[in-house]
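Asker: Structure in structure tokens, see below.
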Amino acid sequence: MKALIFEQFGGPEVLRYAEIPDPGLALGHIIVRTKAIGLNFADVYRRRGNYHLAGKPPFILGYEGAGIVEQVSPDVTHIQVGDRIAFCDVPFANSELVAVPVDRAIPVPSDITFEQAAGLLLQGMTAHYLVNDSYAVQAGDDVVVHAAAGGVGQLLIQLAKSKGARVIGLTSSEAKQMAALQAGADVVFGYDTEWAQEVIRFTEEKQGANVVYDSVGSTLMESFAAVRTKGTVVFYGMAGGDPPHVDPRMLMDSSKTLTGGDLWNHVTTLANRIERAEALFQALREGIIQMGGLTSFPLKDGAEAHRLIESRQSTGKILLIP
């Protein structure tokens, strides 16, 4: 099969398209021929060597994709050849064939495209647990979304709006501001402004947002400044660097809450994966969430896709197409 591989850590130039052996079919697994593969910033960290990779080169990136089942292990009875399957946490996805454990195989309905499934699940499930579990967004809430033009950011905006919240986006450029507004944000402030004070002014009598979803990390104390007394900061990413230490006395004095978020603590069973995926697919059908802004590259041009995501100029999801 063809795959996007790399044999040493470095920039996008280390990636190359090559012929490698097909994956073997183990018990409890299926072989999926990928039709669309999601690119995530974690792939950049792995390519650079920031994340530890087990085994020896050549390495294959990618954890998220969708496609058609080509082989089924003899002990698997609920999945058949020809089924449409997606996954969001299976390694070696940057290839034509992927061995998928059946406990991570999410059925894809016929009215959902492979591109939609591959572009929605990882970031969509993240947004889903953030607005339902980390902090249950209610009608009338003021919600601040960091990196509002990104894949998770745009979905957070849409899901929060569907619950009746007012959404304040934060972005780093005018183009990203427009993307966040198109996703449904009520107002967007730039990181080059005194945005915490802008949030306080915008929320008027509340004197701050009910919740701030912070995926930047280094902005954590400003996020606390932007939430009201008894407000919540949900910390779920470090795109801008490590967060500062938080003084528990500040939390006590302000009655503010800091909570962390990691998707893999919220999708611990296949049933939960499927439940969240079906909720996202239904939201897509109803127009609650839009999948605009998908950018696709042929898998063989994966290095160009990496350059785009690394540039921080992209909005929405980037896909690789085998």
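The values are calculated or read from the model by the stated rules, or taken from the named source; none is laboratory data. Values in this document were obtained by computation on a predicted structure and should not be read as measured data. Counting neighbours? That spans all protein chains shown, and the Cβs are built from the backbone with ideal geometry, glycine included. Please note that ligands, DNA and RNA were not included when accessible areas were found on the heavy atoms of the full protein model with its side chains. Shrake-Rupley method; radii C 1.70, N 1.55, O 1.52, S 1.80 Å.
Asker: Using only Cα atoms, find the angle between the long axis of helix 302-311 and the longest principal axis of the chain, and express it within 0 to 90 degrees, rounded to the nearest 10.
Answerer: Approximately 10 degrees, to the nearest ten.
Asker: What are the ³J(HN,Hα) couplings of the range 260-265, residue after residue, when phi is run through the Karplus curve with 6.51, -1.76, 1.60 and θ = phi - 60°? Round to Hz, x for glycine and proline.
Answerer: Those phi angles translate into x, x, 9, 4, 6, 7 Hz.
Asker: Here is a further query. Let me make sure I get this right: for the range 58-143, a, b and c are the square roots of the gyration tensor eigenvalues over alpha carbons, sorted descending. Under 1.5 in a/c it's rounded, otherwise prolate if a/b > b/c, else oblate. Which is it? Each step should come with its number before you reach the end.
Answerer: Numbers: a/c = 2.43, a/b = 1.91, b/c = 1.27.
Note, shape of the range 58-143 comes out prolate.
Asker: Okay, moving on. Whole-Hz Karplus ³J(HN,Hα) for the range 271-278, in order, using 6.51 cos²θ - 1.76 cosθ + 1.60 and θ = phi - 60°, x for Gly and Pro?
Answerer: Rounded to whole hertz, the list is 4, 6, 4, 5, 4, 5, 4, 5.
Asker: Also, quick follow-up: Which loop trypsin sites (Lys or Arg not before Pro) in the range 30-102, with loop taken from DSSP, have no more than 13 other Cβ atoms within 10 angstrom of their Cβ?
Answerer: On the way: sites: R33, K35, R46, R47, R48, R84; in loops: none.
Passing both the DSSP loop test and the Cβ count: no residue.
Asker: Then there's this: I'd like the orientation of helix 174-183 relative to the chain: the angle between its Cα long axis and the longest Cα principal axis, in ° from 0 to 90, rounded to 10.
Answerer: The angle comes out at about 80 degrees.
Asker: Have a look at V81, N94, A105 and report the one farthest towards the positive end of the charge dipole of the range 53-117, computed about the Cα centre with Cβ charges (Lys/Arg +1, Asp/Glu -1).
Answerer: Result: N94, furthest along the dipole toward the positive end.
Asker: Provide the per residue accessible area, probe 1.4 Å, for the chain, rounded to a whole number of square angstrom.
Answerer: Numbers: 14070 Å² over 322 residues.
That works out to 44 Å² for each residue.
Asker: Continuing with the same structure: For the range 270-311, give the percent of accessible area contributed by carbon and sulfur heavy atoms, probe 1.4 Å, rounded to a whole number. Mind dumping the intermediate values first?
Answerer: Numbers: 1030 of 2020 Å².
The nonpolar share, carbon plus sulfur, comes to 51 percent.
Asker: Let me ask something else. So how much slack lies between E278 and T259, counting 0.36 nm per residue of separation and subtracting their Cα-Cα distance, in nm? Walk me through the numbers before you get to the answer.
Answerer: Numbers: separation 19, 0.36 × 19 = 6.84 nm, distance 2.61 nm.
Taking 0.36 nm per residue and subtracting the Cα distance, the gain is 4.2 nm.
Asker: Next question. Just the number, please: carbon plus sulfur as a percent of the accessible area of the range 1-85, 1.4 Å probe, no ligands or DNA/RNA counted.
Answerer: Working: 2180 of 4210 Å².
Carbon plus sulfur share of accessible area: 52 percent.
Asker: By average Cβ neighbour count within 10 Å, what is the ranking of 171-183, 134-146, 13-25, 278-290 from highest down? Write down the numbers at each step before the final one.
Answerer: Values: 171-183: 19.2, 134-146: 20.8, 13-25: 14.4, 278-290: 16.5.
Top to bottom by mean Cβ count within 10 Å: 134-146, 171-183, 278-290, 13-25.
Asker: At a Förster distance of 35 Å, what's the computed FRET efficiency of M178 paired with I288, Cβ-Cβ distance as r, to 0.05? It would help to have the intermediate numbers written out before the result.
Answerer: Working: r = 21 Å, r/R0 = 0.60.
About 0.95, to the nearest 0.05.
Asker: Still on this model: At a 1.4 Å probe radius, carbon and sulfur cover how many percent of the accessible area of the range 114-177? Please list the in-between numbers first.
Answerer: Working: 800 of 1770 Å².
Within the range 114-177, the accessible surface is 45 percent carbon and sulfur.
Asker: Per-residue ellipticity at 222 nm for the chain, helices alone: DSSP H runs ≥ 4 residues times -39500 (n - 2.57), over residue total, nearest 500 deg cm²/dmol? Write down the numbers at each step before the final one.
Answerer: On the way: 9 runs with 95 residues, N = 322.
My calculation for the chain gives -9000 deg cm²/dmol from helical runs alone.
Asker: Using only Cα atoms and rounding to the nearest 10 degrees, what angle (0 to 90) does helix 151-162 make with the longest principal axis of the chain?
Answerer: Compared with the principal axis, the helix lies near 60 degrees.
Asker: How large is ³J(HN,Hα) for each residue in the range 15-31, as worked out from phi by the Karplus curve 6.51 cos²θ - 1.76 cosθ + 1.60 (θ = phi - 60°), to whole Hz, x for Gly and Pro?
Answerer: 7, 9, 8, 9, 8, 9, x, 5, x, x, 9, 9, 4, x, 10, 10, 9
Asker: How would you classify the range 114-166 from its alpha-carbon gyration tensor, with a ≥ b ≥ c the square roots of the eigenvalues: rounded for a/c under 1.5, else prolate if a/b is greater than b/c, otherwise oblate? Don't skip to the end; give the middle numbers.
Answerer: Values: a/c = 2.16, a/b = 1.78, b/c = 1.22.
Prolate.
Asker: Counting only DSSP beta bridges with both residues in the chain, tell me the antiparallel percent, nearest 5.
Answerer: Numbers: 29 of 53 bridges.
Counting only bridges with both partners in the chain, antiparallel ones make up about 55 percent.
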